[in-house]
Amino acid sequence: MKLPKIYGFLKKDLDIIESALHESIQVTHPVLRKASMELLEAGGKRIRPVFVLLAGQLRDYDMDNIKKVAVSLELIHMATLVHDDVIDEAELRRGKPTTKSLYGNRVAMYTGDYILARALEEATTIRNANVHRLLSKTLVEVSIGEIEQIKDKFVWDQTLRDYLRRIKRKTALLIASSCKLGAIVSGLDERDTDRLYQYGYNIGMSYQIIDDILDFTSSAKELGKPAGNDLLQGNITLPVLYAMENKEFKQMIEETFINPDYIDIDEKNMKMILSKLKSTDAINMSYKVSDLYLEKALRSLDPLPHSRAKQTLQDIAKYIGKRRS
């Protein structure tokens, strides 16, 4: 079963959010409008709006407020993707040219800024101080995470703690906030709201770890970018951290990336690196860490009363745990 089938009953509400996303990025300037629309139409799982909707269904489901939160969060996510692609000098995302590759760095950065501004404008219509506090705090942490990722590039002596803190800010916090904000605007009590935040945080950690695994185990066609691309960009992910416990692999990496300012790795050498990494226990160990986060996510839902929304949150967690492409 594919992920969208798990939350298929939300299709009507997701269509409303999709329409709202299109409306939110309309602008008279032709370049900004075209670049923003191309990014939106490139697709995506819209998993953050899904979490907002499901959390909202656990209490008073006010579609007007739910929609505002969902649109704001998805726009923030989109803006970070544009900025990420500039920093990483990425030419492809989901198999399609990035905003950066189509329009250059300057236009891409301003497109990301514009989308972020629209996200904040959308959020201002929500009359709940807790929503604004959480959104602001999340944006601060995401920004710190981006700086930390730049600082940590090609730094081979990182720790597990460095990696986990980085993916917390990169991925987990926005998903955690999606769950919590949906709960807040729907009137859940503080205890259940915190449980949903913990669910989202742990799901986000697991999701990013598996993404980092798939960067080595999936094909370029499945990824929409070259296999091992994170490593080529100097991003030290969990499989690499574990693989570097193998002295031969660590030596191979350090010699290959001896000059980060000039990296010229042909396909043959990249295949050798991928093969060596897969010969270690790094992939298996990384999946075990992902599984621990998934177990925590599922446990955080236990006290909530049974409902279709709760069951769907559980099913999404289980799907993520089984993801292999």
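Quote the Stokes-Einstein diffusion coefficient, in whole µm² s⁻¹, for the range 259-298, based on the Kirkwood radius over alpha carbon pairs, a temperature of 10 °C and a viscosity of 1.306 mPa s.
Working: Rh = 12.6 Å.
For the chosen part, D equals 126 µm²/s.
Which trypsin sites (Lys or Arg not before Pro) in the range 105-162 sit in a loop by DSSP (not H, G, I, E or B) and have at most 11 other Cβ atoms within 10 Å of their own Cβ?
Answer by residue number: R127.
Assuming R0 = 35 Å, can you tell me the calculated FRET efficiency for the pair D281 and D194, based on Cβ-Cβ distance, to the nearest 0.05? Working shown, then result.
Values: r = 35 Å, r/R0 = 1.01.
That pair, D281 with D194, gives E of 0.50.
In degrees from 0 to 90, rounded to the nearest 10, what is the angle of the helix 247-256 Cα long axis to the longest principal axis of the chain?
That helix lies at roughly 90 degrees to the long axis.
Which of P226, P30, L292 sits farthest toward the positive end of the charge dipole of the chain, with +1 on the Cβ of Lys and Arg and -1 on the Cβ of Asp and Glu?
Of the options given, the answer is L292.
For each pair in K296/K322; K278/K310; K221/K278, compute the distance between the two Cα atoms and list the pairs where it is over 26 Å.
Details: K296/K322 16 Å; K278/K310 36 Å; K221/K278 19 Å.
Violating the 26 Å limit, Cα to Cα: K278/K310.
Can you pull the percent of Cα pairs in the range 73-216 with separation above 25 Å? Numbers along the way, then the final one.
Values: 3415 of 10296 pairs.
Above the 25 Å cut-off, the range 73-216 has 33 percent of its Cα pairs.
Write down the accessible area per residue of the range 78-133 in Å², having rolled a 1.4 Å probe over the full set of protein chains.
Details: 3060 Å² over 56 residues.
Computed with neighbouring chains in place, this is 55 Å² per residue.
What aspartates and glutamates sit close enough to K168 to cross-link, taking a C-alpha to C-alpha distance under 13 Å and skipping anything fewer than 8 places away on the same chain?
Cross-link targets: E141, E146, E148.
For the chain, which whole percent of the accessible surface, found with a 1.4 angstrom probe, sits on carbon and sulfur atoms?
Within the chain, the accessible surface is 51 percent carbon and sulfur.
Expressed in nm², what is the orientationally averaged projection area of the convex hull enclosing the Cα positions of the range 218-325? Walk me through the intermediate numbers first.
Working: hull surface 33.5 nm².
Mean projected area of the Cα convex hull: 8.4 nm².
Might you tell me the accessible area per residue for the range 162-286, computed with a 1.4 Å probe and given in Å²?
On the way: 5420 Å² over 125 residues.
Averaged over the residues of the range 162-286, the accessible area is 43 Å².
Under a no-solvent Debye model with one identical scatterer per Cα of the chain, what's log10 I(q)/I(0) at q = 0.08 Å⁻¹?
The computed values of log10 I(q)/I(0) come out as -0.37.
Kindly express, to the nearest 10 degrees and within the range 0 to 90, the angle between helix 105-123's C-alpha long axis and the longest C-alpha principal axis of the chain.
Approximately 30 degrees, to the nearest ten.
The values are calculated or read from the model by the stated rules, or taken from the named source; none is laboratory data. Note that the structure is predicted; figures quoted are calculated from it, not measured. So basically every Cβ, Gly included, is an ideal-geometry build from the backbone, and we count neighbours across all protein chains shown. With ligands, DNA and RNA removed, areas are computed over all heavy atoms of the protein, side chains included. Shrake-Rupley method; radii C 1.70, N 1.55, O 1.52, S 1.80 Å.
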